[in-house]
Amino acid sequence: MTHGPATADLAVLGLGVMGANLARNLHSHDHTVAVHNRNPEVLEAFIDKHGDPRFIACPTPALLVATLKRPRVIVLMVTAGRAVDAVLEGLIPLLEPGDIVVDGGNSHFPDTERRVAQLADRKLRFVGMGVSGGEEGALLGPSMMPGGDASAWEILQPLLEPAAAVADTGPCIAWCGSGGAGHFVKMVHNGIEYGDMQLIAEVWTLMVRGMELAPAAVRGVFEQWNAGRLRSFLIEITAGIVAAADPAGGGLLVDQILDVAGQKGTGRWTAIDAIEGGIPLSTVVAAVEARALSALPELRRRTADAITAPPGSRITGLQLDDLERALYASKIMSYTQGFALLRARSMERGYGTDLAEVARIWKAGCIIRAEFLDRVHDAFHTDPDLPLLTLDPGFASEVSDALSSWRRVTSAAISAGIPIPALSSSLAYLDTLRTARGSAALIQAQRDWFGAHTYRRVDDPQTPIHTDWGQLEQL
């Protein structure tokens, strides 16, 4: 291990899989990278495997700081939460005004906003940066979503941009805004990811359980879809999963996987923030709840035993084109909701997030990368004030064309007893948007009856009114 004068361009602190791969990525673009890990054995193993004069191993944070050119740039790749605060507590006394700390973990955006303010009090610059693409993306080029102290971007851009994934529209990195914007954008990305995965899983279930397609046929469907408007990383890997043989024996590997989906919390954070802001996010919420229900296998078994019902019949009369249209239309609803959340919260919090740029930097490197994002980028680039993605003329036309198929799919699934919470929630969201007068009038009347919460009349929408409902004449 070596260390010397201030020659490192930037540092990576934390050499887990993501941190190690990001350090290697940055190094591969001619940067001298200082590296540190709290476990010295991890640091030694990294240097033993990847040792090079442009990797500077630093056994202590003090040596890490000492080896960096000014203003210092330190990228934290540690577990979100208390670990980030613990690292900052040790780093802050070692830094000088103008130095930059980048949190590249999956931190919750309120924590990032707190840290931006905390470091600003010390004249230090803090940046929360979402990094998407998994371990392969970190090594070969992730989508990166930085936000926080805007004065840091001029220094960070030439360091980080070469390491980002590259789409046909350029590097998949852009400044996402002030405060916690970077981690907020990443959080919403992950929420949309939950929605995408749930929608794909539901359509797969309909093919397998409802239409009884053979594994090779299912694989063929996903391969065909990946050559069209649904082309995406998630559709691509699904095609590689659905017919994969179990290496431990006969049959499909996917059939031997426990039917319990994990989650690390970012989808739940997205749903909570939307609910707190009064912003509809039904597709993502349905996906989060589906994962929560999947985590209750014993209760599901007991419920199935307790509530008997005739077995669902095989789905007939449904075409694969119907499934494709329903999946695509539901995807539009999910992104409509996600980008509506991005817009509303960015405005409320003063982030200044550019929605077209967000769609652009998700085109490569990240988990939800898809051909579809070209259309999303174009929609918000053409009309930056577009209130809902589904109001873009192109998307609106495609949704209209999909409605009949979408209804056939949801009706068939319900009749067969196959749960499709995300597909059906997406359709309900659209139907509610299309309903000029729905059920809210009765709810307002109920609220006024039991709580004197008042209501407003159609012929006088500005005046709150309370009525003694029990005294009204009945027609």
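The values are calculated or read from the model by the stated rules, or taken from the named source; none is laboratory data. Nothing here was measured: the structure is a model prediction, and the numbers come from that model. Neighbour counts run over all protein chains shown; Cβ positions are idealised from the backbone, glycine included. To get the accessible areas, we keep the full protein, side chains included, count just its heavy atoms, and leave off ligands, DNA and RNA. Shrake-Rupley method; radii C 1.70, N 1.55, O 1.52, S 1.80 Å.
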In this structure, is residue 412 within 19 Å of residue 199 (Cβ to Cβ) and touching a Leu at 6+ places or on another chain (Cβ under 6 Å)? yes
Do you know which of the residues in segment 342-400 that are of a type in the set (Phe, Trp, Tyr) and part of a helix (DSSP H, G or I) is farthest from the chain's Cα centre (by Cα)? 395
Filtering segment 139-154 down to residues that are crowded, with 17+ Cβ neighbours inside 10 Å and more than 16 Å from residue 182 (Cβ to Cβ) yields 139, 141
By residue number, the members of segment 376-413 that are closer than 13 Å to residue 324 by Cα, open to solvent by 20 Å² or more (accessible area, probe 1.4 Å) and of a type in the set (Gly, Ala, Ser) are 404
If we keep only residues of segment 71-85 that are touching a residue at least 40 places away in the same chain (Cβ under 8 Å) and either touching an Asp or Glu at 6+ places or on another chain (Cβ under 7 Å) or not in a loop (DSSP other than H, G, I, E, B) (or both), then the residue nearest to residue 157 (Cα to Cα) is 73
Any chance residue 447 is part of a helix (DSSP H, G or I), under 30 Å from residue 315 (Cα atoms) and either open to solvent by 60 Å² or more (accessible area, probe 1.4 Å) or in contact with a Pro (Cβ under 6 Å, 6 or more places away or on another chain) (or both): no
Mind checking whether some residue in segment 185-203 is touching a strand residue (DSSP E or B) at 6+ places or on another chain (Cβ under 8 Å), of a type in the set (A, V, I, L, M, F, W, C), buried (at least 19 other Cβ atoms within 10 Å of the Cβ) and assigned to a helix (DSSP H, G or I)? yes
Output for Cβ contacts, cut-off 9 Å, separation at least six or different chains, first residue part of a loop (DSSP other than H, G, I, E, B) in segment 462-473, second of a type in the set (A, V, I, L, M), reads 466/452; 467/445
Across segment 414-432, what is the total count of residues that are open to solvent by 90 Å² or more (accessible area, probe 1.4 Å) and farther than 30 Å from residue 310 by Cα? 1
Output the residue which, of all residues in segment 92-131 that are among the hydrophobic types (A, V, I, L, M, F, W, C) and surrounded by fewer than 21 Cβ atoms within 10 Å (Cβ to Cβ), is nearest to the chain's Cα centre (by Cα). 117
Of everything in segment 427-475, what is under 30 Å from residue 323 (Cβ atoms) and charged (D, E, K, R)? Give them in sequence order. 431, 434
Number of the exception - residue 353 against (1) farther than 24 Å from residue 407 by Cα; (2) at pLDDT 95 or above; (3) open to solvent by less than 20 Å² (accessible area, probe 1.4 Å): (3)
Conditions (1) open to solvent by 10 Å² or more (accessible area, probe 1.4 Å); (2) in contact (Cβ under 8 Å) with a residue 24 or more places away in the chain; (3) of a type outside the set (Asp, Glu); number of the one not met by residue 157: (2)
Of the criteria (1) farther than 29 Å from residue 394 by Cβ; (2) touching a Gly at 6+ places or on another chain (Cβ under 8 Å), which one residue 316 fails: (2)
How do the pairs read when you match residues in segment 162-180 that are buried (at least 22 other Cβ atoms within 10 Å of the Cβ) with residues anywhere that are among the aliphatic types (A, V, I, L, M) and part of a strand (DSSP E or B), using Cβ under 6 Å and keeping only pairs 6 or more apart or on different chains? 164/144; 164/173; 173/144; 176/145
When residue 300 is run through (1) in contact (Cβ under 8 Å) with a residue 24 or more places away in the chain; (2) more than 23 Å from residue 185 (Cβ to Cβ); (3) not hydrophobic (A, V, I, L, M, F, W, C), the failure sits at (1)
Just the residues that are closer than 24 Å to residue 96 by Cα and either polar (S, T, N, Q) or assigned to a helix (DSSP H, G or I) (or both), please, taken from segment 40-67. 60, 61, 62, 63, 64, 65, 66, 67
Do the conditions hold for residue 134, that is, is it buried (at least 24 other Cβ atoms within 10 Å of the Cβ) and either touching a residue at least 24 places away in the same chain (Cβ under 8 Å) or charged (D, E, K, R) (or both)? no
Number of the condition not met by residue 47 [criteria: (1) farther than 28 Å from residue 185 by Cβ; (2) surrounded by 22 or more Cβ atoms within 10 Å (Cβ to Cβ)]: (2)
Output yes when any residue across segment 299-317 is crowded, with 20+ Cβ neighbours inside 10 Å, within 20 Å of residue 201 (Cβ to Cβ) and within 32 Å of the chain's Cα centre (by Cα), and no when none is. no
